[in-house]
Each structure stands twice: as structure tokens, then as C-alpha cells.
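To keep things clear, I will list the structure first and then write my remarks on it.
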Ligand SMILES: [Zn+2]
Ligand SMILES: [Zn+2]
């Protein structure tokens, strides 16, 4: 076959998906497909995809056949329907339905809409392949905008589904892997996205002079234990949780990219940990340092533990601050008590870290 850009893109996208064990977790029962239509395509035969779709084979995504032009495909119909509204939206992928995945999409700033298959008119249902074009129109009407994500919650005999649309199959595959990683992390830590509550509003390394976070402690008990327990009142940006140790973003950072590593167990002193626990904890500290170096590229890093209130600890659950430092700092991000770094900035940092999460899992990826 001649060199066709769309085939190359789908091939590259599929190989990105095939390397991600996380993506396997979000493949639906009906399997996934990744498609990309030719420019100005009008019919299914002008859309490239994986004819046999992408399945979950022993925990890894597996393309059942090579990319090719499709004969029938919901995702091809979806891309064609989107192109009627925005010709650049030539690519689509479907993943399993889970409200948590929708929350993650929202956090990533994707526009979400939906349609309800139970309201599908009889006349639409009778037409072969009529559901998707109808659903796309419904979803666009619903938010009066062109969504990045369209989902439906199923109907009699139909699995609920989330579809993501975009301009390029490679970008879409990367996005799907990013969503899958977040999904795995959030599912493991059982954290639900809810209104923000400060974790350590003034966690300042090696300084105890600032207003104590404890003065305005918003919930009972330990904030870090609440995260571990999956308290729905607590919103945290969890980057990693292996059941023994966690890596969180500090929502009130001392500097951009400030992370915290902590044992899941509520220790209050470094000397309570066994040799084995210290080893596991500091391996994660090392990886977190690598993650920060890769993503933030700081000139230096502070690694700090504050033991006791007098030493500046605002949460007594043992945690290690990993703070990127720069030769020329424009001043600390918090200059007054309880000044909060704008949330958008945290979200941007969060997605940058998420893209590089392999660094925290490097043993698995070898
Ligand atoms: Zn602290
Ligand atoms: Zn605790």
C-alpha cells in the first residue's frame, strides 16, 4: 500500500497504546478502536482504523490487525459526524465508561457532553449506523459547543461508552494513555474529586514562623490518612500510590512543582520506620527527585523533613518535601499566609507530571 499518512498515524498511535498496561484497564467489553479519517472524508471507507480493534490480552493492549481502511465502525461514524462540525476533528477513540474517567477528563480541561440512547427516536434506530450521527448532534446541542469527549450511559443491550475525539491519532493515543494512568492512580488511592480543602496551606520547609495550618484545620483527623482512606471531602493530586508509599502534589507549593512523598501508614517520626520501610520510602524519594528533574528542570532541589511543630511540620503524618529550587527565584510563591497558588497552575503541573509517571514506576517499565 502507498504511504498514507493516516495509516502511519494510526499505526504509531496503536503502538503507543500497546505499550501501556494502564490503557488495557480502560478498554471496554466491545474493545477499543483508534481511527483517523482522510481529509474531507465523507464515508467509512475513507477512515483508517484497526479493523479487528484493540483488545486486552493478558493485561496489555493488543491490536488484532494492522491499520487499514474500515468497512464498518462506530468510531469511524463518530469521526465523520464530528468532521461535519469541525473538519479538523478526524480522529476518535473509545474507552470504557466510568464516572471517574469523566472526572479525570474534566480535570484535564476536556469539554464533555453526552447523549441518552434511551431517547433515540425509532426512526433513527431503524437506520443502520444511525445512532452515532444522531448522538453526536444531541451531544453538540446539549452544550452548544463541540465537545472533546462524548459519552452515553448505555441502553438495553448496549454497553455504556466514552469516546474522545481529536485532530490526530497519535495525540489521541497519548491522551488516552494519560487518562488511563490517572485513572489507575485515582482508583488505587480511592480519591474522589470534590471541593478543595487545604492540605498544608503553609507547609514551609525548615521554617516555623508562618501561621500554622492547624489554626484553620478544615476536617477532623489527619489529612494524609483521609487521602489514604479515600475521604470524599478531600481533594488531592495523587501521583503515585503503591499501598506503602504515596507521592502527592503540594497544593500550596513552596515553589512550582513541589511534591511530597509519604508512607501510607500514619508515622509521626522518621525513627518509627523499619529498615525495610525506610528503604522503600527513599527509593520513592529518589524516583520523585528524578521526576522533578525531568519535568521541572530545576537548578537544585531541597529534600526536607520537618519533625514536630517547632521544626515547621504543619501535618504530623511523616512526609518528605521535595522542592525544586532555581538560581533566580522571583520570590516564594506564597508570600503571605494562606495565599493560594492559582489552581490552573497546579492542574498544568499535574498533567506535566502525569505524562512522565513512568519515572516513578521505572521497575515495571524495564
Ligand atoms: Zn510539611
Ligand atoms: Zn496520618
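Since every read-out is calculated from the coordinates, none of them should be taken as a lab result. Just so we're clear, the structure is a prediction, and the values are computed from it rather than from any experiment. All Cβ positions, even for glycine, are placed from backbone atoms using ideal geometry, and neighbour counts span all protein chains on display.
Extension gain for residue 282 to residue 84 (0.36 nm times residue separation, less C-alpha to C-alpha distance): 66.0 nm. A protection proxy built from the mean count of other Cβ atoms within 10 Å ranks the segments 102-109, 85-92, most packed first, as 85-92, 102-109.
Whole Å is fine, so just give me how far the alpha carbon centre of segment 45-86 lies from that of segment 275-322. Answer, in whole Å: 44. If R0 equals 41 Å, the separation of the Cβ atoms of residue 144 and residue 225 corresponds to a calculated FRET efficiency of about 0.40.
Neighbour counts of C-beta atoms inside 10 Å place 288, 72 in the sequence 72, 288, starting with the fewest.
A Förster distance of 51 Å, applied to the separation of the beta-carbon atoms of residue 361 and residue 122, puts the FRET efficiency at 0.55. Fewest neighbouring Cβ atoms within 10 Å first, the residues 327, 84, 62, 297 line up as 327, 297, 84, 62. For segment 73-139, the calculated P(r) over all alpha carbon pairs, in 5 Å bins from 0 to the bin holding the longest distance, is 3, 15, 21, 26, 21, 10, 3, 0 percent. With each label modelled as a point 7 angstrom along the Cα→C-beta vector, the residue 158-residue 271 pair spans 6.5 nm. The length gained by stretching the chain between residue 65 and residue 294 to full extension, at 0.36 nm per residue less their Cα-Cα distance, is 78.9 nm.
Mean sequence separation of contacting Cα pairs (under 8 Å, at least six apart), scaled by the length of segment 5-187, corresponds to a relative contact order of 27 percent. Sorted fewest first by neighbouring Cβ atoms within 10 angstrom, 252, 151 come out as 252, 151.
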